[in-house]
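Visitor: Below you will find the structure I want to go over with you.
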Amino acid sequence: MDRPIKHARKQLGLAIDVIEASGKCLNPVTLKSDGSVYNCSYTDWRSGFFPGSVWYLYELSGDSTLLPPARKYTEAIREAENLTWHHDIGFIINCSFGNGWRLTKDTTYPAVIIQAAKSLSTRFRKQANVIQSWNVDRGWMSQRGWECPVIIDNMMNLELLFEATRLSGDSTFYQIAVAHADRTLTEHFRPNGSCYHVIDYNLKDGSVRNRHTAQGYAHESVWSRGQAWAVYGFTVCYRETKDLRYLNQALKTFTFMKNHPAMPSDLIPYWDMDAPKIPNEPRDVSTASCMAAALYEISTYNTSDASSYKEYADRIMNSLSSSAYCAALGTNGNFLLEHSVGSIPHNSEIDVPLNYADYYYLEALKRKLDLEK
Ligand code: GLY
């Protein structure tokens, strides 16, 4: 996997050159329909991924010239520690400051992680035992009639809470993470192991009002990235608690995807496994890279078939590192991977690069290297 690392160093190096030449702290997310790069502000759920990718690239390449940009792009989104109007602060702060803390032990980073966990905890709704994902007074979310929507993606925000308990000694964050994971385990999954995207709770008595989708094809369909969020999120919960129910759910959801009759032979899923025009539907590379990162971690746990998870992740990584998905140097807006999908129901970001696909690809590369050392 030497070649993908060298290629990633050069490609993201070009993105860093563009940012540095601009004199601003740009935060690249994707390509717009006119071919230009879309850069986000710190409030966007994707603002931690580019800083996080630079941290991973620093770790993978050992190139210390990447440290100053990693620090600078991380600092640029510090204000996100105070975000309370959506749940994605876990993605934002954990991928940026979390990786920075892991790699440098910069003593100013724990305070940011703890403050972010406090902000995320303000969204905990005791009656339902969940962290509310979205507010219902904004944009398209206000049109859906929801009261307390929780999306499966929210499992990805829990890692921040576990880390904040380790750093602060305050077990409240841990308890909120476990409560959220337990309620999600009960409500989000179908008997076959696949999960719903959105569960809407009643704020007064905590009961379920709706089982919906937002970014999938239909309420009862299998939105692929949601399955990857579930596998990754419950794997983290197992890592942090050693509660086998979490690992078993991650394995069940992965097995459902692996055995799905529509899964393509290169293992890059369709954006929704029930999309009506399969095989003429867009793939979603972000699902594949997130799944690969989770599977490498799963392969380190004591399961009956541990090596099969690594083998499956290796096959995903071979596909992603091939010219079918990995962009040539200097193309694709300097993003690494092509062919991801943001949200087809919102007609947004279809068959484009996405910075989170790149982030989980680099994380998976690192995990693969560690396993093969
Ligand atoms: N968390 C939003 C998404 O997966 O698109």
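Visitor: Work out, step by step, the length gained on full extension between N280 and T172: first 0.36 nm times the residue separation, then minus their alpha carbon distance; give nm to one decimal.
Guide: Numbers: separation 108, 0.36 × 108 = 38.88 nm, distance 4.71 nm.
Roughly 34.2 nm would be gained on extension.
Visitor: Students often forget the sequence filter, so: which lysines lie under 20 Å Cα-Cα from K118 once same-chain residues fewer than 8 apart are removed?
Guide: Within reach: K126.
Visitor: Excluding the sites themselves, what is the longest stretch of the chain that contains no chymotrypsin sites (Phe, Trp or Tyr not before Pro) in a DSSP loop with at most 16 other C-beta atoms within 10 Å?
Guide: On the way: sites that count: W85, Y301.
Maximal segment without exposed cleavage sites: 86-300.
Visitor: Right, here's the next one. Using the Cα centre as the reference, give the magnitude of the dipole from point charges on the C-beta atoms of the stretch 263-360 (Lys, Arg: +1; Asp, Glu: -1; all else neutral), rounded to the nearest 20 debye. It would help to have the intermediate numbers written out before the result.
Guide: Values: 4 positive and 13 negative charges, 23 e Å.
So the dipole magnitude of the stretch 263-360 works out to roughly 120 debye.
Visitor: Continuing with the same structure: Between A324 and K204, take the C-beta separation as r, use R0 = 45 Å, and let me know the FRET efficiency to the nearest 0.05.
Guide: E(calc), rounded to 0.05, equals 0.35.
Visitor: Also, quick follow-up: Using +1 at the C-beta of Lys and Arg and -1 at the C-beta of Asp and Glu, which of T43, W146, A116 has the Cα lying farthest in the positive direction of the dipole of the chain?
Guide: A116
Visitor: How much FRET efficiency would the formula 1/(1 + (r/R0)^6) give for D266 and T107, where r is the Cβ-Cβ distance and R0 is 56 Å, rounded to 0.05?
Guide: After rounding, the FRET efficiency stands at 0.80.
Visitor: Got a sec? Charge dipole of the chain, +1 on Cβ for Lys and Arg, -1 for Asp and Glu; which of V130, S323, Y360 is way out at the positive end?
Guide: V130
Visitor: Okay, next question. What's the lysine pair count for the stretch 236-373 at a Cα cut-off below 17 Å, pairs eight or more apart or interchain?
Guide: Details: K242/K252; K252/K310; K258/K310; K310/K366; K310/K368; K310/K373.
Lysine pairs meeting both conditions in the stretch 236-373 amount to 6.
Visitor: At most 16 other Cβ atoms within 10 Å and a DSSP loop assignment: could you name the GluC sites (Glu not before Pro) in the stretch 184-244 that fit?
Guide: Sites meeting the loop and neighbour criteria: E220.
Visitor: Counting only protein heavy atoms and using a 1.4 Å probe, what share of the accessible area of the chain belongs to carbon plus sulfur, as a whole percent?
Guide: Heavy-atom surface of the chain belonging to carbon and sulfur, 1.4 Å probe: 50 percent.
Visitor: Please list the three semi-axes, largest first and in whole Å, of the ellipsoid equivalent to the chain, using sqrt of 5 times the eigenvalues of its alpha carbon gyration tensor.
Guide: For the chain, the ellipsoid semi-axes come out as 28, 25, 21 Å.
Visitor: Return the single residue from H188, H260, H219 with maximal mean-square fluctuation; model: Gaussian network over the chain, springs between Cα atoms under 10 Å.
Guide: H260
Visitor: Please give me, ordered by residue number, the trypsin sites (Lys or Arg not before Pro) of the stretch 24-66 that lie in loop per DSSP and have at most 16 other Cβ atoms within 10 Å. Let's see the in-between values first.
Guide: Details: sites: K24, K32, R46; in loops: K24, K32, R46.
Filter output for the stretch 24-66: K24, K32.
Visitor: Let me ask something else about it. Explain nothing, just the number: dipole magnitude of the chain about its Cα centre with +1 on each Lys and Arg Cβ and -1 on each Asp and Glu Cβ, in debye rounded to the nearest 20.
Guide: Working: 38 positive and 41 negative charges, 87 e Å.
Its charge dipole is roughly 420 debye.
Visitor: For D243 and K373 in the same chain, what is the full-extension length gain: residue separation times 0.36 nm, less their Cα-Cα distance, in nm?
Guide: Values: separation 130, 0.36 × 130 = 46.80 nm, distance 2.82 nm.
So the chain would gain 44.0 nm between D243 and K373.
Visitor: Would you pull out the residues with amide H under 5 Å of R209's amide H, same chain only if 5 or more places away, H placed 1.01 Å from N?
Guide: HN-HN under 5 Å from R209: D200, Y201, N202.
Visitor: Moving to a separate point now. Lys and Arg at +1, Asp and Glu at -1: add these up for the other residues within a Cβ distance under 12 Å of W223 and post the number. Don't jump to the answer; show the numbers that get you there.
Guide: Details: positive: R225; negative: D153, E220, D272, D274, D284.
Here the count lands on -4.
Visitor: Just report the Cα centroid separation between the stretch 1-79 and the stretch 353-373, whole Å.
Guide: Result: 15 Å between the Cα centres.
Visitor: Write out the trypsin sites (Lys or Arg not before Pro) in the stretch 244-304 meeting two conditions: DSSP loop, and at most 16 other Cβ atoms within 10 Å of their Cβ. Before the final figure, lay out the partial values.
Guide: Working: sites: R245, K252, K258, K277, R283; in loops: K277.
Qualifying residues, ordered by number: K277.
Visitor: Another question, then. With runs of 4+ DSSP H residues as the only contributors, calculate the mean residue ellipticity of the chain at 222 nm using -39,500 (n - 2.57) per run, divided by the residue total and rounded to the nearest 500.
Guide: Working: 13 runs with 174 residues, N = 373.
The per-residue figure over the chain is -15000 deg cm²/dmol.
Visitor: Moving to a separate point now. First measure r as the distance between the Cβ atoms of S343 and R211, then evaluate 1/(1 + (r/R0)^6) with R0 = 22 Å and state the FRET efficiency to the nearest 0.05. Don't jump to the answer; show the numbers that get you there.
Guide: Values: r = 19 Å, r/R0 = 0.85.
With a Förster radius of 22 Å, E is 0.75.
Visitor: 7 Å from Cα along Cα→Cβ at both T84 and Q143: what's the point-to-point distance in nm?
Guide: The two pseudo-label positions are separated by 3.0 nm.
Visitor: Quote the charge dipole size of the stretch 166-301 about the Cα centre in Debye, to the nearest 20; the model charges only the Cβ of Lys and Arg (+1) and of Asp and Glu (-1).
Guide: Numbers: 14 positive and 14 negative charges, 32 e Å.
Its charge dipole is roughly 160 debye.
Visitor: Provide the per residue accessible area, probe 1.4 Å, for the chain, rounded to a whole number of square angstrom. Before the final figure, lay out the partial values.
Guide: Numbers: 14160 Å² over 373 residues.
Computed with neighbouring chains in place, this is 38 Å² per residue.
The values are calculated or read from the model by the stated rules, or taken from the named source; none is laboratory data. Remember, it's a predicted structure, so these values are computed and weren't measured experimentally. Using ideal geometry, Cβ is built from the backbone for each residue, glycine included, and neighbour counts are taken over all protein chains shown. These accessible areas exclude ligands, DNA and RNA; they are computed on the full protein's heavy atoms, side chains included. Shrake-Rupley method; radii C 1.70, N 1.55, O 1.52, S 1.80 Å.
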